[in-house]
Amino acid sequence: MTLLSIQNLKAHFHTEDGAVRAVNGVDLDIEEGEKLGLIGETGCGKTVLGLAILRLLSENTTVEGRILYKGQDLLTMSDHEIRKIRGKEVAMIFQNPLSSMNPVLTVGTQVAEPVELHQHLKKQDAMQKVIGMLKSVKIPLPQERVKEYPHEFSGGMRQRAMIAMGLICIPSLIIADEPTTGLDVTIQAQIIELMKEVLRDSGTSMLLITHDLAVAAELCDNIAVMYPGEIVEYASVRDLFKYPKHPYTRGFLNSLPARGLKQMVGTSPSLINLPAGCKFHPRCTFATERCRKERPELIKVGKKHYVRCFLYD
Amino acid sequence: MQKRREIMSIVQQLKEDKLAVTGAIIILSLMIIAILAPHITPYDPVELDLENRLTSPDRNHLMGTDNLGRDVLSRIICGARVSLGMATVVVVIVMLLGLAMGTTAGYFGGVIDGIIMRLVDVLLAFPNIILALVIAGILGPSLTNVMIALGAIWWVSYARIIRGSVLSVKEKEFVEAARAMGCTDTYIAIRHILPNVLSPVIVLATLDMGHIILSIAALSFLGLGAQPPIPEWGTMLNEGRPFMETAPHLMIFPGLMIMLAVLAFNFVGDGLRDALDPRMKEGTIK
Amino acid sequence: MIEVSGLKKYFSTGLFGKKYIRAVDGVDFEIEKGESLGLVGESGCGKTTVGRLILRLVEPTEGKVIIDDTNLFELSKKDMRKLRHKMQIIFQNPDASLNPRMRIGDCIAEPLKLYKIVSKERMNDKIMELIETVGLNPEHVNRYPHELSGGQNQRAVIARILAINPVFIIADEPTSALDVNVQAQILHILRDVKDKFGLTCLFISHDLEVIKIMTDRVAVMYLGKLVEIGKTDKIFNDAKHPYTKALLSAIPVADPDVKRKRIILKGDMPNPMYPPSGCRFHTRCQYSEKICEIEEPSLIGNGHKVACHLQ
């Protein structure tokens, strides 16, 4: 069953330098229990997409389209209703756990916040639940550590606490924005294994937003590749890695050190100044006149494999 | 060439800020008035005319006359020269002193830093104006002494801000890169660190021009600054005080001038703060 | 060409400077001329400090760095300055490595003026030549660093460094802040200039994938000490130290068909203020034995050296 269905989503910011078109018509479905990776480089709009789902974008943004969560449109909900969804039904895990935790509150208090808010538990019961949750994310001595402050936790431990906070209300969907970026490889490995385990146990769906293909490959079932403002390719992890279709996806994969470090010419366009037609055409070796003028639609090229490129038309 | 282009772009930025433009026009006019003062005053600002004492503003005396029959307008015009000139001198002293002390403390650290900063702490523990009062009182009332007194206490906040910026800039990779490249300490301090700490100082100085004009006026009002018959806005306020009820124009005009100057410097200072940082221009989204 | 021996750096902290963070605690290695050595480790292991020490940007607590028969730490400040043009460093954050108030052209011109490498008339040509070497456009010369992307700034940094013809370069996480594609571009440039100018390199990184393709030999660092050093292919195919093995197995692989057993280390790296007794890795090592807690293993072997009691 489709849990979250994003339909023709657009998100534009208005700045002094002009409109920043961060998301330009994205369609994306997440099934129940599915783990979807959203891959893209810095400034491709992937974080904005994640924030748009929970309506966490600032006032100067126009968001259009529909985001159906279990059939309800999140974008037309009242503030009161969306607050009931946030944290309880759909939770977020942010990249930098040090700045996304309040430094003057204990870790326990913060992890307990969602349960107190949504399940109206008493403080003691909530704390009991927190301790249980910290245990399941493998934080040693949780009874002691709930009383500590974020700065007393190491980077890896803080990320565990963030995951605990995200999962404590047993949400149906987790949006994880670069959850392992900035962590050391051995700690990253710990967190990846932990996430695999807790997601399997709870059956929670996940939208993983990352620039790291390898992390997505380990954690996800399907991957959507984003290139300024658009999804350019969608496929299962296996298909994407074995049979990448879009020239950008291929270039991206080939530029990985493990895959030969081949260079792609140029850099991604800025979201203020997007090229006409296919957004990738200025860097594409296969670009034709049509690519410069017309925006390609997502074309089905295989079972659950879509690509936005005229080469497959 | 490059420097000029740089300055032009700052000017361009300022142009779009209406308040800053207004402020700049006021300051500019005040400066022109101050420079041309001896040639444009309708009367001699110190000449007594005991027959026309305390006249209200009329066609002959646009701002009236004071208790000794001196033309207030002429005194205001000459006062611009004294007030603005003194404030400028004080700001320059304060900036140089603050830069020297702050950069030394921040860049070299250690014992030097400790000594300078303790001195700063001590000076900051007193209200500025009281300290200036004491120093000016000890040195005796005169314009020079007021400038010395203000300069001697005002640099501390500059030193502190500059030291803070120096400390953070010092840790930046480009400073380390310059060291790795073989640049000497003095060269690094002047070429790499100073330009990066200068803009907050310039902003602060512009904003402070207003404060300093006020402080000079305050000290003069208390009788420590400009001595009669020198026309200075603060002194004029003081001299007009006994006649507040019978001839309010004696206090209104100098008061308005002080307000105008302070406001103008504040407008420009605010505008400068936004315009000076090249990183502020773009990079709104990063 | 470069010999590092017994290198130590303790940073004093605490209210009265009584506590010491042992950032680097006895490191020895040498780098041959034209060789590229990788220094790998997790954050806080002291690898960055090693880089800074070799350039004497940080004063050492103990040890020697010998370059062409001169011990850098015995030189006076002035003599040191004269030697600096021989060795240069590329930092992790390209946006902070250039003075924000200087145009790219001025940044590159600075070392040229400092060492009077070219005459005033030839200055522009030389800058253009350098700009071209690193793949920037002539129009970038008049831009400020904040107007360029991270990748472009890193190119400018490399151009600036090449301006003074160094023989030895330290690259401290030069691509960690960059996107994958830009990373590929920068690594290519680094490889090209290394070959073209016959540079000797110390490549510091936490990214093993990058180390694998950029270096001839690799040294693995843990908590201020080297645990293993050897030829790059030896380290990647036949790692001896349990920590190196864990590090290698932790790299996520962008290939869904590769299945392997991952070694998950227990806990975090200990606080370098209170390093564990004996072998520093014993608290997280799955093979740890009695002797590991008591005696500190030394780095032994021929060519491929390991610091582990169990080898």
Subject >> Failed item in (1) at pLDDT 90 or above; (2) touching a His at 6+ places or on another chain (Cβ under 7 Å), with residue C:188 passing the rest >> reply: (2)
**OP:** Give B:75, B:59 a once-over and let me know the one that is within 30 Å of residue B:227 (Cα to Cα), basic (Lys, Arg) and in a helix (DSSP H, G or I).
**Re:** B:75
**OP:** Answer with yes or no whether residue C:256 is farther than 22 Å from residue C:46 by Cβ and of a type outside the set (S, T, N, Q).
**Re:** yes
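One line per residue, one yes/no per condition, for (1) surrounded by 17 or more Cβ atoms within 10 Å (Cβ to Cβ); (2) more than 27 Å from the chain's Cα centre (by Cα):
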residue	(1), (2)
C:97	yes, no
C:101	yes, yes
C:111	yes, no
C:121	no, yes
**OP:** Enumerate the helices (runs of 4 or more DSSP H) found wholly within segment A:219-311, keeping only those where 3 or more residues are more than 14 Å from chain C (Cβ to nearest Cβ).
**Re:** A:289-293
Original post:
Condition test on residue A:144, is it within 13 Å of another protein chain (Cβ to nearest Cβ) and without any contact (Cβ under 8 Å) to a residue 40 or more places away in the chain?
Top reply: no
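Return yes when residue B:92 is part of a helix (DSSP H, G or I), over 30 Å from residue B:246 (Cα atoms) and within 14 Å of another protein chain (Cβ to nearest Cβ) and no when it is not.
Judged against the criteria, residue B:92 is not a match.
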Subject >> Hits in segment A:195-218 (condition: more than 9 Å from chain C (Cβ to nearest Cβ) and closer than 20 Å to residue A:49 by Cα) >> reply: A:204, A:205, A:206, A:207, A:208, A:209, A:210
Original post:
Residues in segment A:109-129: is at least one within 26 Å of residue A:184 (Cα to Cα) and either surrounded by fewer than 16 Cβ atoms within 10 Å (Cβ to Cβ) or among the small types (Gly, Ala, Ser) (or both)?
Top reply: no
Original post:
For segment C:261-288, what are the residues that are within 12 Å of chain A (Cβ to nearest Cβ) and basic (Lys, Arg)?
Top reply: C:261, C:262, C:266, C:284
Original post:
If you check residue C:251 against the conditions, is it within 11 Å of chain A (Cβ to nearest Cβ) and closer than 24 Å to residue A:262 by Cβ?
Top reply: yes
**OP:** Would you mind listing the helices (runs of 4 or more DSSP H) fully within segment C:1-117 where at least 2 residues are under 26 Å from residue C:182 (Cα atoms)?
**Re:** C:47-54, C:104-114
Original post:
Among the residues of segment C:268-283, is any hydrophobic (A, V, I, L, M, F, W, C), in a strand (DSSP E or B), touching a Ser or Thr at 6+ places or on another chain (Cβ under 9 Å) and buried (at least 20 other Cβ atoms within 10 Å of the Cβ)?
Top reply: no
Original post:
Being part of a loop (DSSP other than H, G, I, E, B) and at pLDDT 85 or above, is that true of even one residue in segment A:125-138?
Top reply: yes
**OP:** Return only the number of the condition from (1) in a helix (DSSP H, G or I); (2) surrounded by 14 or more Cβ atoms within 10 Å (Cβ to Cβ) that residue B:141 does not satisfy.
**Re:** (1)
**OP:** Please tell me if residue C:258 is more than 30 Å from residue C:201 (Cα to Cα), facing chain A (nearest Cβ under 10 Å) and β-branched (Val, Ile, Thr).
**Re:** yes
Subject >> The one condition in (1) in contact with a Lys or Arg (Cβ under 9 Å, 6 or more places away or on another chain); (2) within 14 Å of chain A (Cβ to nearest Cβ); (3) crowded, with 19+ Cβ neighbours inside 10 Å; (4) not charged (D, E, K, R) that residue C:224 fails to fulfil >> reply: (2)
**OP:** Determine which member of the set A:114, A:97 is out of contact with any strand residue (DSSP E or B) (no Cβ under 6 Å at 6 or more places or on another chain), closer than 30 Å to residue A:256 by Cα and not in a strand (DSSP E or B).
**Re:** A:97
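Conditions (1) in the same structural domain as residue A:273 (by TED's automatic domain parsing); (2) touching a residue at least 40 places away in the same chain (Cβ under 8 Å), marked per residue:
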site	(1), (2)
A:156	no, no
A:177	yes, yes
A:181	yes, yes
A:202	yes, no
A:206	yes, yes
A:219	yes, yes
A:231	yes, yes
Original post:
So which residues in segment C:192-211 are within 18 Å of residue C:32 (Cα to Cα) and out of contact with any Gly (no Cβ under 8 Å at 6 or more places or on another chain), if there are any at all?
Top reply: C:193, C:194, C:195, C:196, C:197, C:201
Original post:
Within segment B:152-168, can you find the residues that are crowded, with 22+ Cβ neighbours inside 10 Å, hydrophobic (A, V, I, L, M, F, W, C) and either touching a Pro at 6+ places or on another chain (Cβ under 6 Å) or closer than 18 Å to residue B:110 by Cα (or both)?
Top reply: B:159, B:162, B:166
**OP:** Starting from segment C:116-132, take each residue that is more than 17 Å from residue C:142 (Cβ to Cβ) and list its partners that are crowded, with 16+ Cβ neighbours inside 10 Å, counting only C-beta distances under 8 angstrom and pairs at least six apart or across chains.
**Re:** C:117/C:111; C:117/C:126; C:117/C:163; C:117/C:164; C:118/C:112; C:118/C:126
Original post:
Is there any pair linking a residue in segment C:228-246 that is closer than 11 Å to residue C:263 by Cβ to one that is β-branched (Val, Ile, Thr) and surrounded by 15 or more Cβ atoms within 10 Å (Cβ to Cβ), with Cβ under 7 Å and at least six apart or on different chains, and which?
Top reply: C:243/C:220; C:243/C:227; C:244/C:220; C:244/C:227; C:244/C:235; C:245/C:263; C:246/A:186; C:246/C:263
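To keep it simple, each residue is scored yes or no on (1) free of Cβ contacts under 8 Å to residues at least 40 places away in the same chain; (2) away from every other protein chain (no Cβ under 11 Å); (3) closer than 22 Å to residue C:54 by Cα; (4) polar (S, T, N, Q).
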site: C:171; (1), (2), (3), (4): no, yes, yes, no
site: C:175; (1), (2), (3), (4): yes, no, yes, yes
site: C:181; (1), (2), (3), (4): yes, no, no, yes
site: C:184; (1), (2), (3), (4): yes, no, no, no
site: C:194; (1), (2), (3), (4): no, yes, yes, no
site: C:199; (1), (2), (3), (4): no, yes, yes, no
site: C:202; (1), (2), (3), (4): no, yes, yes, no
site: C:205; (1), (2), (3), (4): no, no, yes, yes
Subject >> Candidates B:235, B:206, filtered to the one that is within 30 Å of residue B:109 (Cα to Cα), assigned to a helix (DSSP H, G or I) and away from chain C (no Cβ under 14 Å) >> reply: B:206
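For segment C:118-154, give me each residue that is among the charged types (D, E, K, R), within 19 Å of residue C:97 (Cβ to Cβ) and part of a helix (DSSP H, G or I).
The answer is C:147, and nothing else.
The values are calculated or read from the model by the stated rules, or taken from the named source; none is laboratory data. Predicted model only: the values in this text are computed from it and were never measured. Using ideal geometry, Cβ is built from the backbone for each residue, glycine included, and neighbour counts are taken over all protein chains shown.
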